[in-house]
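Just so you know, all these numbers are worked out from the coordinates, no wet-lab data involved. Source: prediction; values computed, not measured. Backbone-built Cβ (ideal geometry, glycine too); neighbour counts: all protein chains shown.
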Amino acid sequence: MTRTHLLEVEGHRPWCLRCRRPGAVCLCSEITSLRVRTKFVFLMHPKEDKKIKNGTGRIAHLALDRSELLVGLDFREHPRVVELLADPAYDCRVLYPAPEGEGEEASESSRPPGRTPVLFVIDGTWPCAKKMMKLSTNLHGLPRHSLDVDRPSEFKTKHQPDPACLATIEAVDRTLHGLAARGLEVYGAQESERLLAPFHRMVALGIAHAADPGPGSYRRSGPFPTGEERRKGRTSTASGRNVMFRGG
Ligand SMILES: [Zn+2]
């Protein structure tokens, strides 16, 4: 744990201000800095920003050099998004399912040389992501990068509503593998292991705490849906299952 990020207030449990998790389950020691060619810009739903224990977008942001995290719902007039879209130094795309036949591979030939690739990642549960995309009309014209979900999520701590659901950090990892396969990124097994280390730790902590439902158990507000949440069909919100991607 990085002590400098730990907030200790009498009467409250210690809190990590960096990964925004309780000190006892802080993931900072597992997060290592990764430099990749793509500049990731996480557009985070406000609900995702408040999620304290199982959001993976922030973890991915902390690991990826030069990445940015912007919280909001409608990014039409978000100053930083507007600035990135207008800057000719950047080639902006969005990680979002593309209509049939219009995936990344189809648009690859249009990749302009000499510009920094920017990938906007919509970070929210699938219904939230759809709403964010609908409102953020300035992202509609961007080439879309979509993922083929060839294997299920490693988020083993809960039932998946759809096998195509991935945690945000997994979606980033698979995107980087895909770009590397096309010679557009330098990213291999070692980098992947480093990026996913805090995620694997998060899953392990979730399993360990679920097995020990004592006072203050992780389970009560952790990655497992409560009975009430299950009844309301809110499992995807409770799970940290952030974005659903399907190959286009
Ligand atoms: Zn931390």
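Per-residue packing, averaged as other Cβ atoms within 10 Å, sorts the ranges 13-20, 165-172, 59-66, 119-126 into the order 165-172, 119-126, 59-66, 13-20, beginning with the highest. Its relative contact order, with pairs defined as Cα atoms under 8 Å and 6+ residues apart, puts the stretch 9-62 at 32 percent. For the peptides 111-118, 31-38, the ranking by packing is 31-38, 111-118, with the highest mean count of neighbouring Cβ atoms within 10 Å listed first.
Within the stretch 1-77, list the GluC sites (Glu not before Pro) lying in a DSSP loop whose Cβ has at most 16 other Cβ atoms in a 10 Å radius.
Qualifying residues, ordered by number: 8, 10, 77.
Near residue 41, the amide H atoms lying under 5 Å from its own belong to 68, 119, 120, 121; only residues 5 or more places off or on other chains count, and H is placed 1.01 Å from N.
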